[in-house]
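Peer 1: Structure in structure tokens, see below.
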Amino acid sequence: MQKLNLPTYNFKLKSNQNKTLIFDKLRKKYLVLTPEEWVRQHFVQFLIDEKKYPTSLIALEKQLTFNNLKKRSDILIFDKKGNHEIIVECKAPAIKITQDTFDQIARYNLKLKAKFLVVTNGLEHFYCKMDFKNKTYIFLKEIPNYKS
């Protein structure tokens, strides 16, 4: 798999029927290792190891309904009260991050009302803080560390 613009982590990998699988520590199962999954697993580990978010506050591929369509957020982080804190949208490294990508996560956030949005393809990372009063977002250099 491609080297990402994130710290290197040791993941459990295995082969099964000519497919490479990666062990997801949060869901406690092996998943097919796609380029997007490679980014998701790295970013989750980054949130846990570098930003100190507790695993108990992180949900992966959480289903939500938007305009009667079932969608999934790649990574959703809650605060201690159970409110949505951060939504992370992961793309494969070959996928260029465009305005459409931001529009997708912004649509999700109309329902979720998270304070921070992250869009990453593993090579580029965009961090935003929501400004609900002015119905916009402000780009940040990084997302905050977890505050207990």
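The values are calculated or read from the model by the stated rules, or taken from the named source; none is laboratory data. Here the structure is a predicted model, which means the values were calculated and not measured. Methodologically, a virtual Cβ is constructed for each residue, glycine included, from the backbone with ideal geometry; neighbour enumeration extends over all protein chains shown.
Peer 1: Go through the stretch 130-148 and count every residue that is closer than 18 Å to Arg107 by Cβ and surrounded by 13 or more Cβ atoms within 10 Å (Cβ to Cβ).
Peer 2: Count: 2.
Peer 1: Go through (1) under 21 Å from Phe46 (Cα atoms); (2) modelled with pLDDT of 85 or more; (3) assigned to a strand (DSSP E or B) and name the single condition Met130 misses.
Peer 2: (1)
Peer 1: Shifting gears a bit: Give the residues of the stretch 93-147 that are under 14 Å from Ile77 (Cβ atoms), out of contact with any strand residue (DSSP E or B) (no Cβ under 9 Å at 6 or more places or on another chain) and without any contact (Cβ under 8 Å) to a residue 24 or more places away in the chain, sorted by residue number.
Peer 2: Passing the criteria: only Lys147.
Peer 1: Give the residues of the stretch 1-53 that are over 16 Å from Cys90 (Cα atoms), among the polar types (S, T, N, Q) and assigned to a loop (DSSP other than H, G, I, E, B), sorted by residue number.
Peer 2: Within the stretch 1-53, Thr8, Asn10, Gln17, Asn18 qualify.
Peer 1: Could you check, for the stretch 64-75, whether at least one of its residues is over 27 Å from Thr136 (Cβ atoms) and touching a residue at least 12 places away in the same chain (Cβ under 8 Å)?
Peer 2: no
Peer 1: So which residues in the stretch 112-127 are hydrophobic (A, V, I, L, M, F, W, C), crowded, with 18+ Cβ neighbours inside 10 Å and assigned to a strand (DSSP E or B)?
Peer 2: Phe116, Leu117, Val118, Val119
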